[in-house]
Amino acid sequence: IQITHILICYNTVLSVICWSQVFYIPETSNFTMEGNDNRTLILYWGLPWGDKSSGPPEGSPMGDCIQTYDRNKITQAKAVVFHYTVIAKNEIPWRHYRDPNQLYVWWSAEGPGILQMEGRDLREFDGGFFNWTWTYRQNADVFRGYGYRGYILDFVAKGKHVVDEILQHKTKTVFWAVSKCEGMPGAVARMKYFKEIVASGIVNITTQGRCFPGTESIPKSFPMIYPPSIKEHKFYFAFENAIHCRDYITEKFWDNALRNDMVPVVWGPTKEDVLSVAPLDSFIHTDDFDSPAKLAEYLQFLDKNDDEYRKYFRWREDETMTDEKMIRMTQERYPDLDIQRPPKSLCEKLTSNKETKIISSLTETFMNSDREGC
């Protein structure tokens with residue numbers, strides 16, 4: 001095992017924040033590829049953030065593929081995946097080996113703003129180093145969002161009796177857990193929006209996290225650790241830390257809200273981006289309101305009108321609801337909307353790929369191609 005310590009720093013408005021990151025790199029593997037093993041091998045160049053829990057287990061399958069961190073297997077790999085936190089130019093593999101039939105894949109679940117805050121400079125990897133991007137954007141070579149309507153439909157229980165049970169336990173209005181309230185324009189802007197809602201004095205909000213002194217810290221695995229009592233709330237503020245970043249709809253929407261039976265109130269991504277991937281009539285978007293106070297008035301209205309509030313659970317009342325059925329319903333209402341279909345995994349893309357591709361500039365492809373304000 002190789003342990004590498006790296007000091008990471010970034011500037012905030014008031015200070016310079018630094019932390020030591022430990023990268024855990026398994027150099028040997030506990031599995032072997034036998035001569036008759038036809039599975040496609042995917043090599044991860046390192047664990048995201050050096051965290052063992054953040055990547056797939058060594059030797060685990062992904063469809064018809066097998067995943068490894070063992071760099072000794074680089075000659076067998078169909079693809080080499082580089083998470084944005086584990087790229088170091090002094091140890092990239094082409095210094096030692098690069099097969100022209102092997103794909104280099106850049107992987108990130110974070111938006112441009114996070115990478116800029118962390119001081120990530122992707123220009124040193126321009127010039128044809130990467131072949132594919134693997135991100136939360138629908139136009140990525142491999143799309144891996146934080147969630148998808150089909151996945152959530154498979155996860156949650158459905159039926160009118162289920163919705164009846166959910167609504168019986170709703171005794172509180174809004175819940176919001178947040179720990180980043182500075183350092184990024186989006187984080188600052190969402191706090192400003194939140195404070196204007198509070199200033200209206202219309203709606204009751206339960207808060208938690210570092211941005212609210214005196215409250216509990218936020219567990220790392222939100223939907224698994226939070227007590228069932230959070231489901232007593234009707235709404236969850238799914239406020240992202242980025243403004244209008246294309247397709248950036250994170251666990252705040254999918255895990256914190258929908259999986260915990262709360263209606264997400266969305267701020268950050270465009271409404272069209274959310275409609276493209278979310279269950280129909282499952283969320284409220286702040287862009288539909290002239291001001292934070294108007295949003296607060298609407299939430300208060302729903303809080304006092306059970307039939308109107310229940311409309312945001314219609315997607316769960318139909319026990320026969322499927323992804324394809326939901327897509328048809330969404331397309332009928334929004335005929336011009338580009339609706340996301342079930343995404344293919346990295347393995348599916350690899351095993352079906354017949355084309356060659358080179359990304360001339362990762363900076364332009366990812367960092368500079370998003371909407372203004374992201």
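Taking label points 7 Å from Cα along the Cα-to-Cβ direction, residue 301 and residue 329 give a separation of 2.2 nm. Excluding same-chain neighbours fewer than eight residues apart, the lysines reachable from residue 73 by a Cα-Cα span under 30 Å are 52, 89, 344, 349, 354, 357. What is the calculated FRET efficiency for residue 204 to residue 116, with r their C-beta to C-beta distance and R₀ = 22 Å, to the nearest 0.05? My answer for the efficiency is 0.05. A simple packing score, the average count of other Cβ atoms within 10 Å per residue, orders the peptides 326-335, 179-188 as 179-188, 326-335, with the highest score first. Answer with one residue from 278, 248, 201: the one whose Cα lies farthest towards the positive end of the charge dipole of the stretch 149-333, charges on Cβ with Lys, Arg +1 and Asp, Glu -1. Towards the positive end, the residue furthest out is 201. Note on the chain: with charges restricted to the Cβ of Lys and Arg (+1) and Asp and Glu (-1), its dipole about the Cα centre is near 340 debye. Stretched out straight at 0.36 nm per residue, the stretch from residue 371 to residue 287 would grow longer than its current Cα-Cα span by 28.6 nm. With the simple spin-label model, which puts each label point 7 Å out from Cα in the Cβ direction, the residue 229 to residue 251 separation comes to 2.2 nm. The stretch between residue 339 and residue 311, if pulled fully straight at 0.36 nm per residue, gains 7.9 nm over its current Cα-Cα span.
Peptides 47-55, 75-83, ordered by how many other C-beta atoms sit within 10 Å of their residues on average, highest first, read 75-83, 47-55. Tell me the label only: which of (i) 22.2, 69; (ii) 19.2, 59; (iii) 21.2, 68 is Rg and Dmax of the Cα atoms in Å as calculated from this structure? Comparing each candidate, only (i) matches the computed number. Distance from the C-alpha centroid of the stretch 256-272 to that of the stretch 289-311: 15 Å, rounded to the whole angstrom. Once both labels are positioned 7 Å from their Cα atoms along Cα-to-Cβ, the gap between residue 156 and residue 52 label points is 3.5 nm. Straight-distance candidates among the aspartates and glutamates for linking to residue 160, with alpha-carbon spacing under 17 Å and chain neighbours fewer than 8 residues away dropped: 261, 281, 306, 307, 308, 317, 318, 319.
Kindly provide the helix-only [θ] at 222 nm of the chain, computed as the sum of -39,500 (n - 2.57) over DSSP H runs of four or more divided by all residues, to the nearest 500 deg cm²/dmol?
Result for the chain: -6500 deg cm²/dmol, rounded to the nearest 500.
Does the stretch 209-323 come out rounded, prolate or oblate, given a ≥ b ≥ c as the square roots of the eigenvalues of its C-alpha gyration tensor, rounded meaning a/c under 1.5 and, failing that, prolate meaning a/b above b/c? In terms of gyration-tensor shape, rounded.
Determine the shape class of the stretch 264-308: with a ≥ b ≥ c the square roots of the Cα gyration tensor eigenvalues, call it rounded for a/c under 1.5, and otherwise prolate if a/b is greater than b/c, oblate otherwise. The shape class here is oblate.
Magnitude of the charge dipole for the stretch 149-333, about its Cα centre and with charges confined to Cβ atoms of Lys, Arg (+1) and Asp, Glu (-1), is about 380 debye. Full extension of the segment from residue 320 to residue 196, taken as 0.36 nm per residue of separation minus the current Cα-Cα distance, would add 40.6 nm.
Throughout, read-outs are computed from the coordinates displayed, never taken from laboratory work. Keep in mind that what you see is a predicted model, and the values were worked out from it rather than measured. In this analysis, Cβ positions are derived from the backbone assuming ideal geometry, glycine residues included, and neighbour counts consider all displayed protein chains.
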